[in-house]
Amino acid sequence: MASQRRIGLTMAALTASLWGFLAIAMKVATEQVPVMTIVWFRFTFAFAFLGVWMAVKAPKRLVILRKPPKLLLVSAVGLTFNYLGYLAGLHHTTPSNAQILIQTAPLMLAMVGIFVFKERLVRAQWLGVVVSLVGFSLFAWDQSSGGVVSAENFLRGNLLIFFGAVTWVVYAATAKYLGGIGHNPQDLNLVIYGLPAVTLWWFADFGVLAAMDWKLWVLMAFLGANTLVAYGALGEAFKRLPAYQVSLIITLNPLITLATMAALKPFSPSWLPADQVGVLGYGAALLVVGGVIQVLLKAPSAKRGVPRTEHTEAEGLKS
């Protein structure tokens, strides 16, 4: 049990790290490639690599493509709209702002874990959630007064990103439920990647793809690989940890974005997206970290009741 928990924590941390770099890379990509084309490419890249791997290692598992569970199709649609909403919103705002606002998704998922999957938070953990929310709010305030983007683009971008956050919760809750009743996370991902790879094909601009230079191809390959590895790791984390723990670990990814942007700013590379974080913003980031640590360090002990197993949590969704 302890080893499974360690694996789950490692997988969640890997997802957080990859997502930390993702916002910067996607902001750079949206300056040259249409949003719909980027989203299609990411899903197609992940579907192709995962499909080939499964065809070689476990071809019998490809049967899920023939008749996937209906709830899995809902999960795939949720992640598709998450990608579209987040990337379209990111195009109108800054990486730091996008990363903060999208964190409403894992916090909403934490609430789903409590009220739907019957997971439990002790009082000290609730305090951590509140501190994190305060930190997120203060950071958003800092960004809104930065003047990097116009008020109109800021509002439009925020609405699109929040839409992406809501649809991510749909994806995550349904994927967690399906994993809880015995489906392999990578089997689920094969369908989740495959549905948008097929349906968004009609909207991809292949002329733009054909005209890309090698640097842009490397960037696009990174975006595709990020989808494959990050969501593969996320599925394994959900299989081993309660939803609220996974969701609160991945809220660390904005700090990676902030650190990366701060480290690159002195060099002023021409491709670095415009961004501005003030003293208030960095202070808010520390609040976020403190809140997340409080939640993770105060996990219920065995005497107070170990979080339910994945199967039991899934049963709670049925009732």
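Values as computed for the structure displayed
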{"read-out": "Residue count for segment 256-278, restricted to those that are in a helix (DSSP H, G or I) and either at pLDDT 85 or above or crowded, with 22+ Cβ neighbours inside 10 Å (or both)", "value": "9"}
{"read-out": "Scope segment 182-241; condition more than 30 Å from Arg6 (Cα to Cα), aliphatic (A, V, I, L, M), loosely packed, with under 15 Cβ neighbours inside 10 Å and touching a Phe, Trp or Tyr at 6+ places or on another chain (Cβ under 9 Å); matching residues", "value": "Val198"}
{"read-out": "Of residues in segment 107-131 being of a type outside the set (A, V, I, L, M) and either touching a strand residue (DSSP E or B) at 6+ places or on another chain (Cβ under 8 Å) or part of a helix (DSSP H, G or I) (or both), the one modelled with the lowest pLDDT", "value": "Gly113"}
{"read-out": "Cβ pairs under 7 Å, 6+ apart, first in segment 1-17 and over 17 Å from Ala230 (Cα atoms), second outside any helix (DSSP H, G or I)", "value": "Arg5/Leu241"}
{"read-out": "Qualifying residue in segment 82-98 (condition: crowded, with 23+ Cβ neighbours inside 10 Å, touching a residue at least 12 places away in the same chain (Cβ under 8 Å) and not in a helix (DSSP H, G or I))", "value": "yes"}
{"read-out": "Flag for Ser3 being modelled with pLDDT under 95, in a helix (DSSP H, G or I) and over 20 Å from the mean Cα position of the chain (by Cα)", "value": "yes"}
{"read-out": "Residue tally, condition assigned to a helix (DSSP H, G or I) and within 19 Å of Thr227 (Cβ to Cβ), over segment 61-73", "value": "4"}
{"read-out": "Val149, sole failed condition from (1) over 23 Å from the mean Cα position of the chain (by Cα); (2) assigned to a helix (DSSP H, G or I)", "value": "(2)"}
{"read-out": "First in segment 206-229 and assigned to a helix (DSSP H, G or I), second anywhere and among the hydroxyl-bearing types (Ser, Thr, Tyr) and surrounded by fewer than 19 Cβ atoms within 10 Å (Cβ to Cβ), Cβ under 6 Å, 6 or more apart", "value": "none"}
{"read-out": "Unique match (being in a helix (DSSP H, G or I), buried (at least 20 other Cβ atoms within 10 Å of the Cβ) and either over 13 Å from the mean Cα position of the chain (by Cα) or at pLDDT 95 or above (or both)) among Phe49, Phe41", "value": "Phe41"}
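The values are calculated or read from the model by the stated rules, or taken from the named source; none is laboratory data. Just so we're clear, the structure is a prediction, and the values are computed from it rather than from any experiment. Every residue, glycine as well, gets a Cβ built from its backbone with ideal geometry; the counts of neighbours run over all protein chains shown.
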